[in-house]
Structures are given as C-alpha cells and as structure tokens.
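Data first, discussion second: the structure below is written as structure tokens.
Each reported figure results from applying straightforward, stated rules to the coordinates on display, with no laboratory input. As the structure is a computational prediction, the values presented were derived from the model and not from experiment. Here the Cβ positions follow ideal geometry from the backbone for every residue, glycine too, while neighbour counts run over all protein chains shown.
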Amino acid sequence: PSLDEILNLHDFEAIARKVMPDKAWAYYSSAADDEITNRENHAAYHRIWFRPRVLRDVTKVDWSTKILGYKSSMPVYITATALGKLGHPDGELNLTRAAASHGVIQMIPTLASCSFDEILDAAQPGQVQFFQLYVNKDRNITKRIVQHAEERGIKGLFITVDAPQLGRREKDMRMKFEAEDPAEVSKAGKGSVDRSQGAARAISSFIDPGLNWGDLKWFKSITKMPLILKGVQCWEDALEAYDQGLAGVVLSNHGGRQLDFARSGIEVLVEVVAKLGEKRGLSFPNEKFQLFVDGGVRRATDVLKAVALGATAVGVGRPFLYAFSSYGPEGMDKAFQILHDEFEMNLRLLGAPTLKDVVPTMVDASNIHSH
Ligand code: FNR
C-alpha cells in the first residue's frame, strides 16, 4: 500500500506485519510471556479522558519543548530499540536522519546494528543524541563505552535497569536466531551466544544482573553526563533515584518485553507524581528531575495525556521501527508528519496554545487503575 493510505501510527504496524521478514517481525513485535503488559501499555491510555477548555485563542499552537534542557520539536523522543538492521539495511541511521530532519532526539541503543560511531557520524553538526546503556559484567568495558559516548558529545545517559535478565519473548524464541552479521553477536562476547533462544537472548548475555543502587556513585565518578534510569516501575524507586541526585527516570516496562504483568508507564506516572509531591514537595514537569514515559504511545493524544500528568516527554519505539522497515526514510517522514498534524489539531481542541497549558486538570485519570 502507498504511504497515502497510512493515516496514523497504528497503520505502520499492520503493513510491517505483512512486509517484514518473519524473523524481524518476531523480534520487533514480540513481548514477554502472554504479552499482557504489552497490550496494557496502550490500553491504559484508554482509561484517561480529556477535560478540554473552550474559548481560548488557539490560532497559533506550539508543541515544541525541551528535554534535559535540549530543544525538541515535540514532547517525543525516539527510544532505544536494538537491531535496526533486521528491518532495513540502513538500520538505526534511518532514525538518526529522521531525528535531524524533524528536530527530535534519538536515544542510541547499546545493541544497535550500526556501530556507535557510524551513528554519531551520520548525525548533523549540533544534533543532540542520548545513549541507552546496558551495563556489562566487565565494568572496564562499560567505562570505556560511557566515556567514549561522552567524548562524542552524547547529552544524556539512560541506564536500562529493567533487564537483569531478558524476558521470554516466545514469538522471537520460536524463530531460532541466526545472526547474519557476526558483529552483532560479537558484542555479546565470544562463546556466550546461545542462538536457540531467539535474537534477544542471543545478544544480551553480557548484561550484569548484579547491577544495584550502590553502583550509581561509580557512574557519577566516570561521567558528567546526566544519568537517567530507564525502566523504573514504582514510586519507591523513582524517589530513590531522585534522592541519589539523578536527572530523571523513564517509567517503562520495556515495551512489555520484560516482566509480564508490570503496569503501564502512564499508570506508574500518576503514582510517582503524587508520591514525589507528597514526600519531597516536587511538582511536575520538573526541570531538575524529569519524568519520562514509554510503552504503547501511538497518538499525540497519548503524549498529551502524559504531559498533562507531569511527564517531560515520552518515548516511542515500535512505530518508528515499523515505519522504516516498511517504507524506509519516507516512512519516518510520514510518521513525524502524522504526529505533528495530530499535535496541532489536538492542542486546538484541548484549548491549549502551548504545552505549558496542558495541565493536570485537562485530564481525568481517576480510573487509571484498572485493578
Ligand atoms: C526495545 N527496547 C529496548 N530498551 C532498551 O533499554 N534497550 C534495548 O536494547 C531495547 N531494545 C528494544 C528492541 C525492540 C525491538 C523493542 C520493541 C523495544 C524497549 C524500548 O526502549 C521501549 O521501552 C519500548 O519499545 C516502548 O514501547 P513501544 O513504543 O515499542 O510500545
């Protein structure tokens, strides 16, 4: 189907399922166990309703913002997703280029198919990029990776904390991963690759399950980049991150790919904002301690709900993978055009000329807890 028939981000998924190689589809689309959390991620947004305001001048609306102090054309960033070349020969470079032309920030994954330097070299001068870190059992390797990232100008380090072991993604496991690119597998270290367990497990055995709160001091000693924990799932851990002086947390369950029956990021956001307000007097969005959410975000309305509830920005994963896997760079352009159009219309209909006008009273999240 031509791109003209793509009307929203969901549509990319339907096309991708038809046109992508089975192995790639299995890796991108799969989630843990019975995939209940994966479904819940988007469904949770259906439990939040708007309370728009009327008779406000919305001739001009502006949805640009700042993330960790850096400009972004929308309160959305491209989150880290591994193995971009499974979907398209240019892999993550599709994301890098689209981020540049659409003024958004890309979070580069540790397990990108393209090399880190290749991705940095493809960026425009001044283009802001973040880095997602999987912490290696060998801390010297991690130190090298982190310091190299900082030297190359990475502006934020997102340490993934929800994956001490990789979740069982059975769709992916059934595919029996065979790496076409030995470089992908060599990242895991020789001899440690079990290809019978799917793409995800094959490349992730280096991740350190011993990582703990005590390690954060060490991270602060090796880098000046702002540190953000990716994969926080309750207020207690968000509070600990704040007390340890981190720059923020991503409320995320890894796109449902880790612990099945983890709650959605948007549901966790509601409790984090309430408890950090109560215990530390914080209000959100907050420049000093930023809250991000990812998982199941498919519409500008989803994003605006998160912003209303206190998120600085949200991460989007699979829709961009499906966009470039199905249509290459034009798919990415279309995805951002759709989002921009949706932001414009929905801000007008909400009666919010800017994101600062998207306040908690614009949503009714009283039914966010479904259980
Ligand atoms: C991911 N995600 C992820 N997260 C991370 O910290 N490191 C990684 O290497 C990956 N890899 C990865 C691969 C694929 C194919 C997917 C779909 C996801 C999780 C990702 O950053 C994010 O949390 C979710 O993708 C958000 O959910 P949606 O937008 O995909 O629904």
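How far apart, in nanometres, would the label points at residue 144 and residue 43 be if each is projected 7 angstrom from Cα along the Cα-to-Cβ direction?
4.5 nm
What is the extension gain from residue 287 to residue 174, computed as 0.36 nm multiplied by their sequence separation minus the C-alpha to C-alpha distance, in nm to one decimal? Don't skip to the answer; put the middle values down first.
Numbers: separation 113, 0.36 × 113 = 40.68 nm, distance 4.40 nm.
Net length gain for the segment: 36.3 nm.
Please name which of 212, 129, 369 has its Cα lying farthest along the dipole of the chain towards the positive end, using unit charges on Cβ (Lys, Arg +1; Asp, Glu -1) and the Cα centre as origin.
With unit charges placed on the Cβ atoms, the residue in question is 212.
Each residue of region 256-263 in turn: what ³J(HN,Hα) in whole Hz from Karplus with 6.51, -1.76, 1.60 and θ = phi - 60°, glycine and Pro shown as x?
Each residue's phi maps through the Karplus curve to give x, 8, 10, 7, 5, 6, 5, 7 Hz.
Report, in order of residue number, the helices in the chain meeting two criteria: a C-alpha extent of 30 Å or more along the helix axis, and a mean Kyte-Doolittle hydropathy of at least -0.5; treat each whole DSSP H run as one helix.
Helix filter hits for the chain: 318-350.
With each label point set 7 Å from Cα along the Cα-Cβ vector, what nm distance links residue 51 and residue 330?
For residue 51 paired with residue 330, the spin-label model returns 4.6 nm.
What order do you get for 255-261, 220-226, 240-246 when each peptide is scored by the mean count of other beta carbon atoms within 10 Å, highest first?
255-261, 240-246, 220-226
Under a 5 Å amide H to amide H cut-off, with H placed in plane at 1.01 Å, what residues pair with residue 364 once short-range neighbours are removed?
Those qualifying (amide H under 5 Å, at least 5 residues apart or on another chain) are 49, 50, 51.
If one computes the Cα centroid of region 62-80 and of region 113-138, what distance in Å separates the two points?
So the two Cα centres are separated by 18 Å.
Among 207, 141, 108, what is the fewest-to-most ranking by other Cβ atoms within 10 Å?
Numbers: 207 19, 141 13, 108 25.
Taking fewest neighbouring Cβ atoms as first place, the list is 141, 207, 108.
Put +1 on the Cβ of every Lys and Arg and -1 on every Asp and Glu Cβ in the chain; which of 147, 262, 167 then has its Cα farthest towards the positive end of the dipole?
Among 147, 262, 167, the one farthest towards the positive end of the dipole of the chain is 147.
Using +1 at the C-beta of Lys and Arg and -1 at the C-beta of Asp and Glu, which of 101, 114, 91 has the Cα lying farthest in the positive direction of the dipole of region 1-139?
It is 101.
Work out Dmax and Rg for the chain from the C-alpha atoms and quote the Rg first, both in angstrom.
Cα-based Rg and Dmax for the chain come out at 19.5, 65 Å.
Can you give the relative contact order of the chain as a percent, counting alpha carbon pairs under 8 Å and 6+ residues apart? Don't skip to the end; give the middle numbers.
Working: 729 pairs, mean separation 102.4, N = 371.
Value for the chain: 28 percent.
Amide H to amide H, which residues 5 or more places from residue 315 or on other chains are under 5 Å from it, using H placed in the peptide plane?
Those lying under 5 Å, H to H, from residue 315 are 77, 293, 294, 295.
Of all DSSP beta bridges in the chain, what percent run antiparallel (nearest 5)?
20 percent
Pop the C-beta distance of residue 152 and residue 71 into the FRET formula with R0 = 22 Å and round what comes out to the nearest 0.05. Could you put the intermediate results ahead of the total?
Values: r = 20 Å, r/R0 = 0.89.
The computed FRET efficiency comes out at 0.65.
Holding the Cα-Cα limit at 21 Å, pick out from 137/220; 143/288; 60/155 the pairs that are longer than that.
143/288; 60/155
Summing -39500 (n - 2.57) over the DSSP H runs of n ≥ 4 in the chain and dividing by its residue number, what mean residue ellipticity at 222 nm do you reach, to the nearest 500 deg cm²/dmol?
Result for the chain: -11500 deg cm²/dmol, rounded to the nearest 500.
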